Every structure is written in structure tokens, then in C-alpha cells.
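Read the structure below first, then the notes.
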Amino acid sequence: MTGDDDTPRMGFFTDTSVCIGCKACEVACKEWNAIPEDGLELTGMSYDNTQRLGSDSWRHVAFIEQRKPFGGPEPALTHEDVDVFAAASRLGTDPGSPDGHTELRWLMASDVCKHCTHAACLDVCPTGSLFRTEFGTVVVQEDVCNGCGYCVPACPYGVIDQRRDDGRAWKCTLCYDRLGVGMEPACAKSCPTESIQFGPLQELRERAAARVRQLHTAGVTDARLYGESPDDGVGGDGAFFLLLDEPEVYGLPPDPVVTTRDLPAMWRHAALAAASLAALAAAGFARRPR
Amino acid sequence: MSGRETPAGAQPGRRRRRRGRGEQPMVPDARFSSYYGRPVLNTPTWKPLDIAGYLYLGGLAGASSLLAAGADLTGRPALARTAKLGAAGAISLSLAALVHDLGRPARFLNMLRVLKPTSPMSMGSWLLAGYAPLTLAAAAGEVTGRYRLVGSAATAGAAVLGPAVATYTAVLVSDTAVPAWHEGYRQLPFVFAGSAATAAAGLALAAAPAGQAGPARRMAVLGTALELGAFHLMKHRMGLPAEAYERGRPRTLLRAAEALTASGAALALVCGRLRDRRPALAAGAALLSGSAALRFGVFHAGVASAEDPRYTVLPQRERLAARGS
């Protein structure tokens with residue numbers, strides 16, 4: 001799926017290595033798409049009070065606090081001869097260790113619908129409400145959705161969900177309305193660090209590959225792309241990521257597969273089972289009739 | 001996973017089976033990372049009573065249609081009547097449950113807006129659109145005794161579609177990212193076929209006279225063997241997500257299903273030789289409730305497997321490791 005001839009497939013490249021966790025994307029998304037308020041819950045687990053993607057959160061910034069030695073000061077070092085006031089006066093100027101790394105690191109990542117090449121939500125939708133746009137994105141038509149809820153367990157990423165009071169399924173549209181008039185999606189527009197980059201998918205893939213090379217050269221060997229490969233279980237994501245740890249640390253599945261890949265085999269097994277049931281009933285009648 | 005320590009933000013998902021007796025763990029405990037233990041998948045929003053209820057009633061109806069056609073062919077009018085009325089009643093109830101489960105029930109006709117082979121729900125909607133009127137026509141013919149030719153044709157048509165109605169529901173739930181459903185897609189249709197047979201046989205045993213219920217008794221025994229055998233194989237082949245069937249409420253429901261179905265089948269074996277109607281009634285009740293317990297157990301096991309990131313992450317990690325990446 002590459003989009004129309006004259007419209008290249010559009011997508012997101014979310015470079016989490018420069019995300020600062022400001023949540024401007026979450027706010028901009030809610031504002032632009034008029035998404036209803038869904039509770040102001042303080043989780044206490046981190047600065048993440050959004051918790052997950054869902055019907056009323058189409059961008060979700062994950063916060064992960066990690067204790068991970070990067071060659072910073074040894075934790076067992078004694079500090080008796082340290083002048084803390086002098087140290088405080090240098091705050092903000094002292095990188096802490098020669099390479100700028102400290103022992104504690106924050107991972108922040110803005111998650112979003114992946115707009116899969118092989119989208120399970122779209123495949124299983126019985127009404128045709130979910131469709132593929134001319135930009136290669138996956139969008140719900142809210143005037144068609146009857147709230148059957150099939151797309152919810154079909155999504156391997158846990159993105160789309162049913163809005164409780166409304167009954168219909170909702171998710172990121174990659175700002176279909178803005179794309180139509182040549183604007184970029186609200187989240188990308190609002191991102192102050194260009195962690196969220198929007199553009200033609202082919203261009204984003206090249207940019208992402210260059211960024212990974214740059215980070216590896218700089219010694220950030222954990223940097224890896226997630227969802228960029230067209231060879232993965234969903235045929236590649238229209239919205240892919242640069243991560244600094246394993247996907248599951250961010251709440252992402254490490255090897256997602258579109259469930260409908262196995263559908264032909266499922267139908268075959270069901271047909272065999274139906275035949276068995278018929279045979280079983282026939283066997284019941286096969287004895288002497290009376 | 002690389003060999004470093006588990007990140008502070010990610011709970012180590014270590015869990016130990018608490019029960020000392022019973023089955024051994026199918027896979028050893030494993031460490032995995034997750035985002036604060038949160039699920040990767042979104043939990044199915046289907047209401048248990050509606051959807052598990054539909055899985056049950058659809059099976060009951062589909063297999064009853066087979067009994068109805070067989071009874072017509074072999075001259076068992078009382079069995080035919082029970083099966084036809086049972087199929088029509090069960091499928092009507094299940095249609096009501098399906099519409100009730102929709103977030104927008106008024107839009108239920110949107111189900112027939114497209115025909116999509118990639119959507120088991122779309123295929124199922126069209127299947128029911130053909131099947132339900134046939135069962136109603138068959139039942140109407142039975143009750144009124146008029147238009148016999150139409151009634152016979154409808155009975156035969158319902159018997160052709162019935163097995164599909166009973167087994168496609170396994171595809172419906174398997175065609176999701178829910179580990180305990182998807183990973184069982186090879187065996188689940190056979191489990192549902194067996195469960196449909198036991199339910200329909202149960203209804204026939206309870207409501208039809210013993211003299212005509214011979215095929216139902218044999219169907220009960222064969223269905224029980226198919227259901228229990230396929231279910232055992234499914235859990236055995238599934239790997240880690242099989243644990244979801246062995247914990248909490250699903251475990252209770254499935255143990256009850258096993259006991260009820262097996263005892264129902266055993267009773268069915270003997271009650272053909274008895275004058276007393278009560279053993280047949282008990283067998284019917286046990287088979288009907290056993291089939292229902294199985295569907296609810298499978299439903300809740302799927303939901304539980306979606307809610308625990310362990311069932312999503314670990315098998316995918318194993319898959320990646322097997323591919324050598």
C-alpha cells in the first residue's frame with residue numbers, strides 16, 4: 001500500500017531520543033480532534049497519567065525511569081570532601097560525567113496508532129467503517145461505525161477502543177482533515193523538539209536510518225527502529241519509532257502480527273470442523289431407524 | 001532480552017503458580033519487561049452475557065438444525081419438533097444478544113452494508129441473515145402443519161448452514177490479537193463443534209421422548225468426545241497462553257464444563273434403557289449447562305489473556321528468538 005499514484009503514503013516518524021515528555025502532542029491532538037475529557041487520574045507511577053492509547057487518547061506519552069549505568073560516577077563513591085554548595089552552583093553546566101550521561105535515565109515516547117500496512121482493525125471491521133485513505137492511513141468513518149467492537153481485540157498494539165458513552169470505536173486519523181488541505185497533523189505541528197516528524201513514509205524511513213547511524217556513532221548503541229520494516233508481521237507501520245530500549249519496555253509488542261494473516265487457515269479449520277459436526281450428527285442417525 | 005537488569009519503570013513480570021496440585025506449568029517462569037505491568041492489548045469490550053451467550057446459543061441452534069433434518073428424514077416427529085423449535089428459539093435469542101451488544105444497536109443493519117471475507121463478523125452476519133429465516137420457517141411449518149414442502153426445504157437449508165453457524169464463531173474469536181483465542185485457531189472450531197453437538201443433544205434429551213432420542217444420545221457421546229479431545233489438544237499445543245484457561249474464573253468454568261458434559265454424556269448412555277424420564281432430564285440439563293460453561297470459560301480466558309502483557313510479550317519474544325534476531 002503506497003498511497004495513490006499522485007499521493008505518496010504519509011506517516012509519522014517518532015524519534016523518542018529527543019522527546020522531552022512535554023505532552024504538547026497529547027494536548028494538541030485532543031484540542032484539534034475535539035476528543036472528550038476522559039478523567040483526570042493521577043497514577044502515581046510516573047508523570048504518565050494518560051496511561052495508554054484508547055478511544056479518548058490518540059497520542060500517549062510514556063515515561064520510563066531507568067537506573068542504567070552509562071559510565072557515570074560510581075554509586076559507592078564517598079562524598080565527604082565534596083563542597084555541595086560549589087556543586088550546586090555548577091548545576092546545569094556540569095554534565096556529570098565526561099560523555100554527558102548520568103546513571104538515571106528517562107525514556108519518553110509519544111505513542112500513536114501505527115497505521116499498519118496490513119491493518120487488522122480494517123480487515124475485521126464488518127461494516128466497512130474503517131477504510132484506507134488516499135494517504136495510506138487507516139481511518140474510522142464515525143457515521144458508519146455501529147460499535148460492534150471487533151476492531152478492539154483485533155489490534156495487535158492496543159490502539160483502537162470503544163468510547164463508552166458513545167458506543168463507537170475511535171482512534172487517530174493522522175488528522176485526515178488537516179492532510180486533506182495540505183497541513184501536517186496537530187501533534188507533529190505542536191512538537192517542540194521535532195520528536196514527531198510527519199511526511200512521506202519513504203522520506204521518513206531514510207531520515208530515520210540516518211538518525212540511527214548518527215546515534216550509534218555517538219555511542220548510543222541501544223537506538224533501534226521499531227515498525228519501519230515492511231517485512232514485519234504487519235507489513236510495516238505507517239507510524240514508526242526510534243526507541244532506546246526493547247519495545248515492550250514502552251508497552252509495545254515486540255513482534256506484532258496481523259491476526260488475519262492466519263485467517264485462510266482459520267476458515268479451513270472451521271470448514272473441517274463443520275463437516276465433522278455434520279458427520280457426527282449423521283453417525284447418530286446411521287443406526288437402525290425407528 | 002539483553003542481559004542487563006530490568007528497567008525500573010518496567011515491572012519484572014515474574015509470576016509463580018500458586019497451586020501445588022493439578023497440572024504442571026506448561027512453560028517455565030520467565031522474566032519479561034512491560035510498561036508498568038500494563039496490558040499491551042486493549043481488552044475486548046464485548047459483554048460476556050451477550051457474546052459468550054451468543055457463542056453458546058449459535059452452537060445450540062446450528063446443531064439442533066442437524067437433529068431436526070435427521071429426525072424429519074428418519075420419521076421421528078417429536079425429536080424434529082423439539083429440534084426445530086430449539087433452533088429457532090436459540091437463534092432468535094442470539095440475534096437479540098448480538099444487537100444488544102452493539103455500541104449503536106440502531107445501526108445493526110450496517111452489518112449487511114458490505115460483504116467482507118476478511119471479517120468473520122461480516123461473513124457471520126450474512127450467514128445468520130440466511131440461516132435465521134430458515135429456522136423460523138422450519139419452526140413455523142412445524143407448528144402450523146401447513147406448507148409442508150416449504151417447511152421441509154427450510155429444514156434442509158437450515159441443516160446445511162447449521163454446522164457453519166456452530167463453528168464460524170471459533171473463527172470470530174480467533175481472528176483477534178487475543179493470545180488465548182488466536183493461538184487456538186486450529187482446534188477451537190472443533191471444540192465449538194463438539195460443544196454445539198452436546199448442547200443440541202442435551203435439549204433433545206430433555207424435551208423429546210426417549211423412544212425418539214436415540215440419535216441425540218449418540219450425538220451427546222460423540223460431541224463430548226470431540227469437545228473434550230479438541231480442547232485438551234488445544235491447551236497442549238497453545239504454549240504459554242494456555243495458562244489463561246487454568247487460572248481463576250475460566251478455570252472454574254472449564255472444570256465445571258468438563259464435569260457437566262462428561263456426566264451428561266454418561267447419563268445419556270444409560271438413560272435410553274430406562275423407563276424413568278428423570279435421568280434423561282438430568283442428562284439434558286447437564287449437557288446444556290456444560291456447553292454454556294465452556295463458552296463462558298473460553299470467553300473469560302481470552303479476556304484474561306488480553307489483560308496480562310505476559311501472554312502477549314513472552315510468546316512474541318520466543319518467536320523472535322526462534323528466528324534468531
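Can you tell me the orientation of helix A:201-217 relative to chain A, as the angle in degrees between its alpha-carbon axis and the longest Cα principal axis, to the nearest 10?
Relative to chain A, helix A:201-217 is tipped by roughly 40 degrees.
Just grab the label-to-label distance for residue A:134 and residue A:37, each label 7 Å out from Cα along the Cβ direction, in nm (one decimal).
3.9 nm
Do any GluC sites (Glu not before Pro) in the range A:152-242 lie in a loop, going by DSSP, with at most 14 other beta-carbon atoms within 10 Å of their beta carbon, and if so which? Mind showing how you got there, number by number?
Values: sites: A:194, A:203, A:206, A:228; in loops: A:194, A:228.
Answer by residue number: A:194.
Figure the gain on full extension for residue B:129 and residue B:31 (residue separation times 0.36 nm, minus the Cα-Cα span) and round it to one decimal in nm. Intermediate results must be reported in sequence, preceding the final value.
Details: separation 98, 0.36 × 98 = 35.28 nm, distance 4.78 nm.
Answer, rounded to one decimal: 30.5 nm.
5 Å is the cut-off here: which amide hydrogens, built 1.01 Å from N in the peptide plane, fall below it relative to residue A:239, excluding neighbours closer than 5 in sequence?
Answer set, sorted by chain and number: A:12, A:115.
Work out from phi, with θ = phi - 60° and the Karplus expression 6.51 cos²θ - 1.76 cosθ + 1.60, the ³J(HN,Hα) of each residue of the range B:123-128, listed in order in whole Hz, and give x for Gly and Pro.
Going residue by residue, I get 4, x, 4, 5, 4, 5 Hz, with x marking Gly and Pro.
How large is the dipole of the protein assembly as shown about the Cα centre if only Lys and Arg carry +1 and Asp and Glu carry -1, each at its Cβ, rounded to the nearest 20 debye? Please report the intermediate quantities before stating the final value.
Working: 65 positive and 59 negative charges, 866 e Å.
So the dipole magnitude of the protein assembly as shown works out to roughly 4160 debye.
Just grab the label-to-label distance for residue A:261 and residue A:229, each label 7 Å out from Cα along the Cβ direction, in nm (one decimal).
Distance between the two pseudo-spin positions: 1.1 nm.
May I ask for the longest run of chain B untouched by GluC sites (Glu not before Pro) that are loop-located per DSSP and have at most 14 neighbouring C-beta atoms (other than their own) within 10 Å? Can you show the working numbers first?
Values: sites that count: B:5, B:23.
Longest gap between qualifying sites, sites excluded: B:24-325.
So who's got an amide H within less than 5 Å of the one on residue A:45, skipping anything under 5 residues away but keeping other chains? H placed 1.01 Å off N, in plane.
The list, which skips near neighbours in sequence, is empty: none.
If the chain between residue A:213 and residue A:85 were fully stretched, how many nm would it gain, using 0.36 nm times the residue separation less the Cα-Cα distance?
On the way: separation 128, 0.36 × 128 = 46.08 nm, distance 4.02 nm.
Extra length from residue A:213 to residue A:85 when fully extended: 42.1 nm.
Taking amide H positions as placed 1.01 Å from N in the peptide plane, with prolines and chain starts having none, which residues 5 or more places from residue A:161, or on another chain, fall under 5 Å of its amide H?
A:55, A:170
Rounded if a/c is under 1.5, else prolate if a/b is larger than b/c, else oblate: which is the range B:48-308, with a ≥ b ≥ c the root eigenvalues of its Cα gyration tensor?
Values: a/c = 2.15, a/b = 1.17, b/c = 1.84.
Judged from the Cα gyration tensor, the range B:48-308 comes out oblate (a/c at least 1.5, b/c at or above a/b).
What ratio of Cα Rg to 2.2 N^0.38 Å holds for chain A?
Working: Rg = 24.2 Å, N = 290, 2.2 N^0.38 = 19.0 Å.
After normalising by residue count via 2.2 N^0.38 Å, the value is 1.27.
Which value in Å is the Kirkwood Rh of the protein assembly as shown over different Cα pairs?
On the way: mean 1/r = 0.0379 Å⁻¹.
Evaluated over the protein assembly as shown, this radius sits at 26.4 Å.
Return the sequence-ordered ³J(HN,Hα) values of the range B:88-103 in whole Hz as given by the Karplus equation 6.51 cos²θ - 1.76 cosθ + 1.60 applied to θ = phi - 60°, using x for Gly and Pro.
Working through the residues one at a time gives 5, x, 5, 6, 5, 4, 5, 5, 4, 5, 5, 5, 4, 6, 5, x Hz.
Relative to the first principal axis of the alpha-carbon coordinates of chain A, what is the inclination of helix A:24-33, with its axis defined by its Cα atoms, in degrees from 0 to 90 and to the nearest 10?
40 degrees
How do the peptides A:47-60, B:105-118, B:59-72 rank, highest first, by the average count of neighbouring beta carbon atoms within 10 Å per residue? Write down the numbers at each step before the final one.
Working: A:47-60: 20.9, B:105-118: 15.9, B:59-72: 30.9.
Sorting A:47-60, B:105-118, B:59-72 by mean packing, highest first, produces B:59-72, A:47-60, B:105-118.
Of B:84/B:235; A:23/B:116; A:189/B:47; A:189/B:116; B:47/B:116; A:30/B:116, which pairs sit farther than 31 Å apart, going by alpha carbon to alpha carbon?
Details: B:84/B:235 34 Å; A:23/B:116 39 Å; A:189/B:47 39 Å; A:189/B:116 37 Å; B:47/B:116 24 Å; A:30/B:116 33 Å.
Pairs exceeding the cut-off: B:84/B:235; A:23/B:116; A:189/B:47; A:189/B:116; A:30/B:116.
Take the Cα of residue B:47, step 7 Å along the line toward its Cβ, and report every residue of the range B:81-110 whose backbone nitrogen sits under 18 Å from that point.
Counting backbone N atoms under 18 Å from the label point, the list is B:91-109.
Between residue B:144 and residue B:118, what is the FRET efficiency for a Förster distance of 45 Å, r being their Cβ-Cβ separation, to the nearest 0.05? Intermediate results must be reported in sequence, preceding the final value.
Numbers: r = 41 Å, r/R0 = 0.91.
The calculated FRET efficiency here is 0.65.
For residue A:67 and residue A:193, what does the FRET efficiency come to when R0 = 25 Å and r is the distance between their Cβ atoms, rounded to the nearest 0.05?
With R0 = 25 Å, the Cβ-Cβ based efficiency is 0.55.
Bear in mind these aren't lab numbers, they're just calculated from the coordinates by the rules spelled out. Keep in mind the model is a prediction, meaning the values are calculated, not measured. FYI the Cβ positions are ideal-geometry reconstructions off the backbone, even for glycines, and counts take in every protein chain you see.
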